[in-house]
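> Below is the structure I would like to discuss, written out as structure tokens.
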Amino acid sequence: MTKTISKIGNSQGIIFDTALLDLARVKVGDQVNVTVHESGTITLTPVRPRLASDEAAQAARRVIRKNATLFKRLA
């Protein structure tokens, strides 16, 4: 996909359409990490917040509860 750098106010930018944002699983307001490589390549990587340990434990319990029958069969 080819995009054109446009003037946006006093800056320059690239407009990403909704389909592209959906594919990258990002939305307006999300943060991205910008990396510029020696070759001039620019990489945008979404910053995904890490789950706090309590949230991760709760998520694990939900998965185990939801799939309890499957886990018992696999044991």
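Values quoted throughout were computed directly from the atomic coordinates according to the rules given, and no laboratory measurement underlies them. Given the structure is predicted, the values throughout are model-derived calculations rather than measurements. No Cβ is skipped: glycine too gets one built from the backbone with ideal geometry, and neighbour counts run over all protein chains shown.
> If you place +1 on the Cβ of every Lys and Arg, -1 on the Cβ of every Asp and Glu, and leave all else neutral, what size is the dipole of the chain about its Cα centre, to the nearest 20 Debye?
Roughly 620 debye for the chain.
> Another question, then. What ranking do T45, T69 get, fewest neighbouring Cβ atoms within 10 angstrom at the top?
Least crowded to most crowded, the residues run T69, T45.
> Please give the direction-averaged projected area of the C-alpha convex hull for the stretch 6-74, in square nanometres with one decimal.
8.8 nm²
> Lys and Arg at +1, Asp and Glu at -1: add these up for the other residues within a Cβ distance under 15 Å of K27 and post the number. All intermediate terms of the calculation are to be shown ahead of the outcome.
Working: positive: R25, R48; negative: D17, D22, D30.
With Lys, Arg at +1 and Asp, Glu at -1, the neighbours total -1.
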